[in-house]
Structures are given as structure tokens and as C-alpha cells.
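Everything on this sheet refers to the single structure shown next.
The values are calculated or read from the model by the stated rules, or taken from the named source; none is laboratory data. Everything quoted here is computed from the prediction, not taken from an experiment. Cβ coordinates were reconstructed from backbone atoms using ideal geometry, including for glycine residues, and neighbour counts include every protein chain displayed. Ligands, DNA and RNA are stripped out before the accessible areas are found, and what is left, the full protein with its side chains, is counted by its heavy atoms. Shrake-Rupley method; radii C 1.70, N 1.55, O 1.52, S 1.80 Å.
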Amino acid sequence: MSMNDDRIRAPHLQDRVVSADEAASWIKDGMTLGMSGFTRAGDVKAVPTALVKRAETESFKVNVFTGASLGCDIDKLFAEAGIVNKRLPFQADPAMRKAINQGEHLFVDHHLSHTSELIRSNVLNTIDYAILEAITVTEDGMVVPSTSVGNSLVFAEHAGNVIIEINLAQSELLEGIHDLYTPGKQGERDPIPLTKPDDRIGTKGIHIDSAKIKGIVFTNQEDSPSTIVKPDDETKIMAGHLLDFLQDEVSAGRLTERLAPIQSGIGSVANAVLHGMLDSEFEHLEVYSEVLQDAVFDLIDAGKVDFASCCSITLSDEKMKTVFSNFEKYRDKLIMRPQEITNHPEIIRRLGLISINTALEFDIYGNVNSTHVSGTKMMNGIGGSGDFARNARLAVFVTKSIAKNGDVSSIVPFVPHVDHTEHDVDVVVTEQGYADLRGLAPRERVPLIIVNCAHPMYRKQLWDYYQEALERGGQTPHVLEKALSWHTNFKENGTMRELVKL
């Protein structure tokens, strides 16, 4: 059996195999691409690289839609080649971040569950080519994704043409863990019939009209490893504070020792906090999340997690080797869905998730900034944190209380960019402690946040600001002319430690 027969089991598609260079030649200036990939997993690799090569001799720009960030330096290469006109909905590459903040190309930052809805309603550019990574094409022509689903399903449904990259480096054992479900058009859809994390409601692959499949490219390249770092002393302390809070919820009868399905955002801090559950008394946990990082597989190995639903598997280099060399061990404990299902408000509210995401900073009333440094410079994007925070049973945001050796406080009088309003934030956690904000008026929140979450070196400054704000009155007291002075002080003097005298 040839390689084509093995991975392209549909005979009528076996003559569609082309080189990456040929596939890339079909893409013209001004086109819009829907590319698979979510947090460095399951992203297409060969055709994007061929596009960058083309840019050495040809000037063109394309719109790039994905699930989330791309691996294999694709975002970096695209940014440096100058071939991006507009990018959405999420990225995490320093070169692309620099290009965005310098205005070299446009970036649309929206909730990750919204991309599919915007495509269905014809708000966004028409997708000329969907370029999707897969492990195989089945006998009946279904395309089986690899280590992420992201927006691949909606891209395939709405693109004029489809290019498939079959990646021989991805494990064939992934076949069978996907659950592809589309809710249909708004106003015409039924309730999504998912009531537990391990429910199966869709198909194992993507049904694509074979007339739209213009080419199939073979690749053999592993996903990029995640960039998470191992837990440090501070993140271990933060995990302890979160566990204390959850234990109090159990004592109060609001949770059991099985807790509720858990969502954990991408990144080192959220991964480290989740990792802290290894040493907890909580057992038989379930995960319903966008991304499965190292900590989830550690919890599965420890017998703490029974089942995990996701739209992407993003692992460190070491964990990737361990998991995929023994993937049979995990197959019956995993399911992988489109991001609009993992992030769907209906499902998040129904399942009653505990949602743990990372903040850049939060203010004394609980507003969270998760995207913009100093209020103007984009980091990565809001991702799915807003999908979960607005709808979860418990919306938890974690961050270290200081940054840049103490010159930056992560708790400020007022955040200069609001991604999650105080209405969507239930609990904030730093290495100093946690503040449960549920049911509290603004004036009740401030003392808890300052005492429990702020670093000692900044507590007096926060109190001084708040006392002056109280003299002004209001439901949410502020000194408007000083509300952002901590950020301007950092910009002018390199520290937030001393407020500029106004």
C-alpha cells in the first residue's frame, strides 16, 4: 500500500496530491486564508512556509484567519515577510506582536467563540482558501484533523477552496478522538445536545465537498512545543491559595470534592496553578477547556482527572514525546471539538465550569486587563477568556502581584484597558492571597483586593488612592485625573512605586 493509499483512503482524492509550492502558487494578493491551528498545535506548516518563500520574489498580502496562535514560527515568518494585511483572532509571537503595535498590519481581537459566528453571518471577508492540517482522509472523504480543531470545521464549510496538509508526523491514533459538530445558523439552530464533558454529538472528521478540495500536500513535521515554564515558588503558592478557596467552597456545600468541570487558560501561570491540584484531595475531576497543557496529562497520570474535552493539545517538548509515544493510554479519556463548542456560552453555563485564566493586571474593583500592556500595546489577544469568564460558574483570574522586579504592580487603581469588567470576575488570585468578589459592592471589594492580593510594597499607595477617591464619592469612587497615573509614572520614570504629584 502506498503512502497515498494509507493516508488518503478515499480513492477519488488520491490524484489531488501536489507540492507545497504548487499549492501556494494558487493563493493571490488580497485573498483570505482560513488556516488550521490553535495555540501552536495542529497548524498547517508546508503551504505557509512556501508562501513566505514566494514573498522573496513577489509582493502580495493576505488576510490570515486561524483558530488561535500558530507554531513552527509561521506567525513570525509571515510578519517578517510583510505578507499579512489582517490577522485574527489571536497570536502570540513577538515579531507579529511588534508588527501589530507598529501598525504594519491589522489585528482583530475578538472572543474565540465569535469567529465562526462572524463567518456564518458573512461579516468577515469571504474565505478563499481553507488550509487544514489532517492525519488522514477516510474512505468516505472525511478529513480527520490532527492535534487541534480550532476553526477548521467552519473554515472548510465556508471556503471556496480547500487545501489539505496530511502530516505524517502526527499520530494516526488521533483518529477517533475528534467530535465535529456545527450548531448551524443563528435563529435556525437547535440547542446543542451536550450535557457532560464526555458526550459525543458529532462526527470524527470534517465532511467536505470533494469538488472544493483543490490539493493535498504531504508533510512530516511535528508541532512546535509549548513555551510554558515549570511552576516556580510563587505559582505554587498561588495554586495553594486557589485550593484553599475551592476547599472553602466544598465546606460551604457549594461544590463537592469532584468540584465542577475545569477550564484552564493557556500559559505558564494557569498551567502551574492547575498543576497544584496534584497535591490536593480533589479526585475524579473533569476538564472542559480550550487547550490541554502539561498539567492536565500529569493529572490524568496521577488518576486525578477522569476525562478531558478540548479543542487543542499543546505540550512541552518533553511531555509531547511522553504523551504521543503512549497515546493509546489517553485515547479513551480525551475528546477534541471545534473551538466554538468548547467556548460556547450555552455549554459553559450548562456545565457550570470553574474557569481559570491569566490576567496582565487587575484593579481595585476587579476589572481585568488581559491583553494590552500600558493600555495600548497588544500582547496576544483576549483569546477565549471572555467566553468563559462571562458564563462560568466561577470566573477566576490569576497573576503575580508584581512584575519587572517590583517596578510594576499588577494591582492598580484602574486598568488602562478593560477586557473583563468587574461584573464578569468572581475571584482574583496572586501569590499574596485571593479575593472572593462575588456578591460584593465596589466599596466592599477594594479592601479585600488590597489586603489579600496586592504586594506589600504597593498597599499603602493603593490605600492612599482609595481614601482620596472616597472623598469624591460615587458608587465606584475614583480620582479621575490620577486613575492612570501609575502607568504614566512607569512610562516616565520606569517604576510605579512613587506616584507622580499632580
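Roughly how compact is the stretch 208-286, stated as its Cα Rg over 2.2 N^0.38 Å to two decimals?
The value comes to 1.70.
How long is the stretch 51-104 along each principal axis, judged by its Cα atoms, biggest number first, in Å?
Dimensions of the stretch 51-104 along the principal axes of its Cα atoms: 28, 22, 17 Å.
With all protein chains present, how much of the accessible area of the chain (probe radius 1.4 Å) comes from carbon and sulfur, to the nearest whole percent?
Percent of accessible area from carbon and sulfur atoms in the chain: 49.
Under the rule a/c < 1.5 gives rounded, and otherwise a/b versus b/c splits prolate from oblate, where does the stretch 119-267 land using the Cα gyration tensor?
It is prolate, given that a/c is not under 1.5 and a/b is the larger ratio.
Taking loop as defined by DSSP and a crowding limit of 10 other beta carbons within 10 Å, which GluC sites (Glu not before Pro) in the stretch 433-502 fit?
Passing both the DSSP loop test and the Cβ count: Glu481, Glu498.
From zero up to wherever the largest Cα-Cα distance of the stretch 157-203 sits, split into 10 Å bins and tell me the percent of pairs in each.
Pairs per bin, as whole percents: 18, 35, 35, 12, 0.
Determine the dipole magnitude for the chain: charges of +1 sit on the beta-carbon of Lys and Arg, -1 on that of Asp and Glu, nothing else is charged, the reference point is the Cα centre, and the result goes in debye to the nearest 20.
I would put it at about 940 debye.
Averaging sequence separations of C-alpha pairs under 8 Å and six or more residues apart, then dividing by the length of the stretch 392-502, give the relative contact order as a whole percent.
Result for the stretch 392-502 is 27 percent.
For the chain, what does the accessible surface come to per residue with a 1.4 Å probe? Please give it in Å².
I get 38 Å² per residue for this part.
What number does the stretch 224-329 give for Rg over Rh if you use C-alpha atoms and the Kirkwood radius?
0.96
Can you pull a Stokes-Einstein diffusion coefficient for the stretch 77-123 at 37 °C (0.692 mPa s), Rh from Kirkwood over Cα pairs, as a whole number of µm²/s?
The Stokes-Einstein estimate is 287 µm²/s.
So how do Val17, Val451, Val396 rank on accessible area, 1.4 Å probe, biggest first, that is with the largest at the start?
Val451, Val17, Val396
What are the radius of gyration and Dmax of the stretch 436-502, computed over its Cα atoms and given in Å?
My reading of the Cα-based Rg and Dmax gives 12.6, 38 Å.
What does DSSP give for the chain in terms of the percent of beta bridges that are antiparallel, rounded to the nearest 5?
30 percent
What order, most packed first, do the peptides 40-51, 70-81 have when packing is the mean number of other Cβ atoms within 10 Å of each residue?
The densest-packed peptide leads the list: 40-51, 70-81.
Let me have the relative contact order for the stretch 1-128, percent, based on Cα pairs under 8 Å that are six or more residues apart.
About 21 percent, as a whole number.
Looking at the stretch 184-236, which GluC sites (Glu not before Pro) are DSSP coil and have at most 15 other C-beta atoms within 10 Å of their C-beta?
The qualifying sites are Glu188.
Filter the trypsin sites (Lys or Arg not before Pro) in the stretch 443-502 down to the DSSP loop ones having no more than 15 other Cβ atoms within 10 Å, then list what survives.
Qualifying residues, ordered by number: Lys501.
Compute the normalised compactness of the stretch 1-74: alpha-carbon radius of gyration over 2.2 N^0.38 Å, N being the residue count.
Relative to the rule-of-thumb radius for its length, the stretch 1-74 sits at 1.26.
Assuming a viscosity of 1.002 mPa s and a temperature of 20 °C, what translational diffusion coefficient in µm² per second does Stokes-Einstein assign to the stretch 353-418, Rh being the Kirkwood radius over Cα pairs?
Calculated translational D: 175 µm²/s.
Taking the stretch 260-321 as the region of interest, what is the percent of Cα-Cα pairs per 10 angstrom bin, listed from the shortest bin to the one with the maximum distance?
24, 62, 14
Would you list the P(r) distribution for the stretch 163-248, with all Cα-Cα distances sorted into 10 Å bins from 0 and each bin expressed as a whole %?
Binned Cα distances yield the sequence 11, 21, 25, 27, 12, 3.
Pairs Lys404/Lys491; Lys98/Lys319; Lys45/Lys230; Lys196/Lys304; Lys377/Lys404; Lys28/Lys214: which are spaced more than 24 Å apart, C-alpha to C-alpha?
Correct reply: Lys98/Lys319; Lys45/Lys230.
What does the stretch 374-502 give for Rg and for Dmax, in Å, if only its C-alpha atoms count?
14.6, 42
Give me the three principal axis extents of the chain from the C-alpha atoms, as integers in angstrom, largest value leading.
75, 51, 46
Please state the relative contact order of the chain as a whole percent: Cα pairs under 8 Å, 6+ residues apart?
Rounded, it is 13 percent for the chain.
Mind checking which of Tyr465, Cys453, Ala483 is farthest towards the positive end of the stretch 450-498's charge dipole, using Cβ charges of +1 (Lys, Arg) and -1 (Asp, Glu) about the Cα centre?
So the residue furthest toward the plus end is Cys453.
Can you compute the helix-only [θ] at 222 nm over the chain? Use -39500 (n - 2.57) per DSSP H run of at least 4 residues, normalise by all residues, nearest 500 deg cm²/dmol.
The helix-only estimate for the chain comes to -8500 deg cm²/dmol at 222 nm.
Starting from one equal scatterer on each C-alpha and no solvent at all, send me the Debye-based log10 I(q)/I(0) for the stretch 29-160 at q = 0.20 Å⁻¹, two decimals.
Calculated log10 I(q)/I(0) at the listed q: -1.19.
Among Ile164, Ile177, Asn151, pick out the residue whose Cα is farthest towards the positive end of the charge dipole of the stretch 56-212, where Lys and Arg carry +1 and Asp and Glu carry -1 on C-beta, about the Cα centre.
Asn151
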